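Contents: one structure, followed by commentary.
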Amino acid sequence: MGMQNAHLAIASVPIQSWGCLYDQDAALKNGTVFQDLDLPFFAAEQVPGPLSAPDPALDPEEQKRHEKILEIQKVSFMMDDLRLYLDTHPDDQDALSLLKHVLGKRKLLLAQFASEFYPLTMDCMAEIYEREPASACYCWQKGPVPWEGACC
């Protein structure tokens, strides 16, 4: 029998429904916004404490930067998980409403970070140029790059 006529497997995947959501901290820690999708393969003890606590040896400015990046990571994770859900449930108004809220919050956090430290995305660069059209600064070099330990 040739492989063209053989059925190796038939997948049966139930349609996800809108349900209880984790808050941003729990979502990032558990790897999903949706509590119904948090199905560990084995029982494991939960690790208490923050996801990534700043090093106490850091100066206050670096600790503040670390905390703000962590907040951006949390809201960005929620945005990505909601976008994936909406890819298969485009008419879900609860999900769309929450996505709109999360997008606004993320935009605000990115703008605040860019004004206090340095831009993280090209959208942040565009906002800098909109506020200061005469700016000749290509601002990426102002901040440490992720492979230098800048990200949480």
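Residue-level analysis places PHE77 outside the set of residues that are surrounded by 14 or more Cβ atoms within 10 Å (Cβ to Cβ), more than 16 Å from THR32 (Cα to Cα) and not hydroxyl-bearing (Ser, Thr, Tyr). Candidates are the residues of the stretch 127-143 that are open to solvent by 40 Å² or more (accessible area, probe 1.4 Å) and touching a Pro at 6+ places or on another chain (Cβ under 9 Å); the one that is modelled with the highest pLDDT is GLU127.
Considering only residues in the stretch 85-126 that are of a type in the set (D, E, K, R) and modelled with pLDDT of 90 or more, the one that is farthest from the chain's Cα centre (by Cα) turns out to be ASP91. Taking each residue of the stretch 1-18 that is modelled with pLDDT of 75 or more and looking for partners that are exposed (fewer than 10 other Cβ atoms within 10 Å of the Cβ) with beta-carbon atoms closer than 9 Å, six or more apart or interchain, yields ILE15/THR88; GLN16/THR88.
The values are calculated or read from the model by the stated rules, or taken from the named source; none is laboratory data. Every value quoted in this text rests on a predicted model; they were computed, and no experiment measured them. With ideal geometry, Cβ positions are generated from the backbone for all residues, glycine too; neighbour counts draw on all protein chains shown. For accessibility, only protein heavy atoms count, side chains too; no ligands or nucleic acids. Shrake-Rupley method; radii C 1.70, N 1.55, O 1.52, S 1.80 Å.
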